[in-house]
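The values are calculated or read from the model by the stated rules, or taken from the named source; none is laboratory data. Since the model is a prediction, treat every value here as computed from it, not as a measurement. Ideal geometry is used to build each Cβ from the backbone, glycine not excepted, and the neighbour counts take in all protein chains shown.
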Amino acid sequence: MFRGSSFHTIDSKGRIIIPARFRDVIKADGSYGVMLSRMDGALIAYTYDEWRKIENRILTLAEKSESMRRFRRVFIGGSFECPCDKQDRILIPQNLREYAEFEKDIVLVGVLDHFEIWSRDSWNRENMDLEKDMKKEDVRNEIAKLGL
């Protein structure tokens, strides 16, 4: 499982180093790389095995609504296989770097079955938005259901 967050930089070629604790999870999958796609202004990274599960769930959905077709088109159609190199880095494709507004500083955030890659500015905004949301009763009630 992916947990915790860490602050990194992206190099001029678009490569990022995967933290050791994330590499261990990726390697446990039996391959050494991730599938990247986009969501919520950030990039999401899944092991190849988890990605296959997502694709299978999407394929088996009976729902053939316009919004689901559009989601599949963007989410699956915009995904990239990113193998790790010998320096434990992945190359993030240019169009995904542009989508996530990566400049230099990034944050890798473990979210259990995947990890997210945020620009530092977007991550700071996300945290501020959560702080505001935490003041809303319905959000506090949802979190309370977790026993927290």
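Listed here are the residues, each with its yes/no results for (1) under 18 Å from Asp88 (Cα atoms); (2) at pLDDT below 95; (3) hydrophobic (A, V, I, L, M, F, W, C).
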| site | (1), (2), (3) |
| --- | --- |
| Thr9 | yes, no, no |
| Arg15 | yes, no, no |
| Lys27 | yes, yes, no |
| Leu36 | yes, no, yes |
| Tyr46 | yes, no, no |
| Ile54 | no, yes, yes |
| Arg57 | no, yes, no |
Exclusive hit being farther than 23 Å from Phe22 by Cα, surrounded by fewer than 13 Cβ atoms within 10 Å (Cβ to Cβ) and touching a residue at least 12 places away in the same chain (Cβ under 8 Å), set Asn95, Asn56: Asn95
Restricting region 98-137 to residues that are of a type in the set (D, E, K, R) and not in a helix (DSSP H, G or I), the residue that is surrounded by the most Cβ atoms within 10 Å (Cβ to Cβ): Glu116
Only one of Val139, Val74, Val111, Val107 that is farther than 19 Å from Pro19 by Cα, in contact (Cβ under 8 Å) with a residue 24 or more places away in the chain and of a type in the set (Val, Ile, Thr): Val74
Of the criteria (1) touching a helix residue (DSSP H, G or I) at 6+ places or on another chain (Cβ under 8 Å); (2) within 18 Å of Asp11 (Cβ to Cβ), which one Ile58 fails: (2)
Positions within region 30-43 being farther than 17 Å from Arg73 by Cα and either buried (at least 16 other Cβ atoms within 10 Å of the Cβ) or polar (S, T, N, Q) (or both), in sequence order: Ser31, Tyr32, Gly33, Val34, Ala42
